[in-house]
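Each reported figure results from applying straightforward, stated rules to the coordinates on display, with no laboratory input. Everything quoted here is computed from the prediction, not taken from an experiment. Cβ placement follows ideal geometry from the backbone for every residue including glycine, while neighbour counts extend to all protein chains displayed.
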Amino acid sequence: MNSLLLSLFVTACIVIVTAWSELNFLQPSTPSPAEREAEEYAVYRAILGRETERCIHSQTIAADSQPGPTELDPESFPGLDSELIKDYNQACLESIPLNQDLLGEQVTMLSSYVDWPCMFIQGFSRVGFNKRMDEALIYYERKAPPQALAGGGELIYLVKGEDGTWKIAWSQDTWIS
């Protein structure tokens, strides 16, 4: 009887340890700063690709990430993961210099809004990600010279496809003029 109880106890412990290790394995790990940066630029390139499809062949963007709407309320976006919105809010607190080499050759970087050599200048916020890094939220805007009185801004939600590319799932205009 004692050996049967001991055997059942050992079996139960093995099952619990195995289940626990599988649960921990399924939890997404925190990406390194380099992994996060690579995904952030992949999102930027996905949006630039959409604009190229819209016949904007020469793309000019601001040299730094632009501030987006911060403190988005998760209740305003009931279909989105609240962690995604929380990460977006946190990411938008800091502006970073953008790396032209990581954006592509069709992009011209501007360090100021003076003497724009283009039809529109584009700006991006930082990118918010969910824990699995397969959903992204970003603010994007286009402004026309000379005083940026024409243009628009939008929040864009993207999902990462099985092939590893980012696809725009939906966008919501935040302003237009």
- Query: Under the Karplus relation 6.51 cos²θ - 1.76 cosθ + 1.60, θ = phi - 60°, what is the ordered set of whole-Hz ³J(HN,Hα) values for segment 82-94, x standing for Gly and Pro?
  - Reply: 5, 5, 5, 5, 4, 5, 4, 4, 5, 5, 6, 6, 10
- Message: Quick one: 3J(HN,Hα) in Hz for segment 125-138, Karplus 6.51/-1.76/1.60 with θ = phi - 60°, rounded, Gly and Pro as x.
- Response: 7, 6, 9, x, 10, 7, 5, 7, 6, 10, 9, 9, 9, 8
- Note on the structure: The summed charge of the residue 150 Cβ neighbourhood (under 10 Å; Lys/Arg +1, Asp/Glu -1) stands at +2
